[in-house]
Each structure stands twice: as structure tokens, then as C-alpha cells.
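Heads up, the thing below is written out as C-alpha cells.
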Amino acid sequence: MPEAEVTLRLVFWLFDHIGQPCDAKIAIDGAHVRIKDKCIFRIVRFLKFHSCCPDGEVRDGWKGKHTRNGSCFEIKAGHGFDIQVKVAGSWIKVECKGGPLKPRKGKSPNAILSEAIGQVVGARDVPGFG
């Protein structure tokens, strides 16, 4: 599964399980969507399928602000944590990984799965990450 898809599926899961509308910042590397003329992930179609609506000006069909079921999120093509969601005054920050879930030497199944899901870091307004 492409990293951009893992990122969006996880943020949608968070939205669905937090129990209240919230805001999120999402960083997706453009190379996880398209490399030259090769489409890696059909992000615009994915967003539409998951009931996401652009909120204002959106570049390339996906970079910008969107809403989904009362929650708002902004996708930027950039670096940093892949997902940042503010809940009850604290930030949930996640780094996602994509790719096949194949056994690898020296990696337990749990380690491989945790790489795919992401590393969750809870922090309050850490300078440089907020």
C-alpha cells in the first residue's frame, strides 16, 4: 500500500474514533502520489470516495484544505510528521510507512506492522513540530 494511502486511511480512522470533529495537518510527499508520468496513488479519487470535500483553493486536486464528516484537514506536499491531529489540547503526531508487509530478516511481524501503521507521538506544542 502506498505511504500516502496509509497516511490518509490512518487520519480517517482517527477522525472516526476520536468522537468529535477535529483538525489535522497532513504531509504527503508528492513522490508518493506521482513520479514523473507514473501515478503511484490516485489520491483525488481516494479523497472523493471517502467523502472528502475541498475547502477553498486546492492545488493539483489534493493539496490544500478539505473537510470530512465535520473534521477539517490540510494536506501539504512536504516533510515533517505525516499526521498531526489536535485532540483535547494535545497533539497526536504520526509518522507513516507504506509498502508491502513482507517478512524481512531481523524484523518480527509486530515490528513490520508497526512500521506500516506508524509511530504515534503525543506531545503538547513541541517547538518546530506544531
- Task: With 32 Å as the limit, write out which pairs from K25/K107; K38/K105; K63/K105 have Cα-Cα distances beyond it, or answer none.
- Result: K63/K105
- Each label sits 7 Å from Cα toward the beta-carbon; between K38 and S108 the label points are separated, in nm, by 3.5 nm
- Whole-Hz ³J(HN,Hα) from phi, Karplus 6.51 cos²θ - 1.76 cosθ + 1.60, for segment 37-43, glycine and proline x: 9, 9, 7, 8, 8, 7, 5
- K97 versus D60, label points 7 Å from Cα toward the beta carbon: distance in nm? 2.4 nm
- Task: Compare the Cα positions of V94, V33, G61 along the charge dipole of segment 3-123 (+1 at Cβ of Lys, Arg; -1 at Cβ of Asp, Glu; about the Cα centre) and return the one farthest towards the positive end.
- Result: V33
- How big, in percent, is the set of alpha carbon pairs in segment 3-123 lying more than 21 Å apart? 39 percent
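Read the figures in this text as sums done on the coordinates, not as results from a lab. As the structure is a prediction and not an experimental result, all values here were calculated from the model. Glycine gets a Cβ as well: all are built from the backbone with ideal geometry, and neighbour counts include every protein chain shown.
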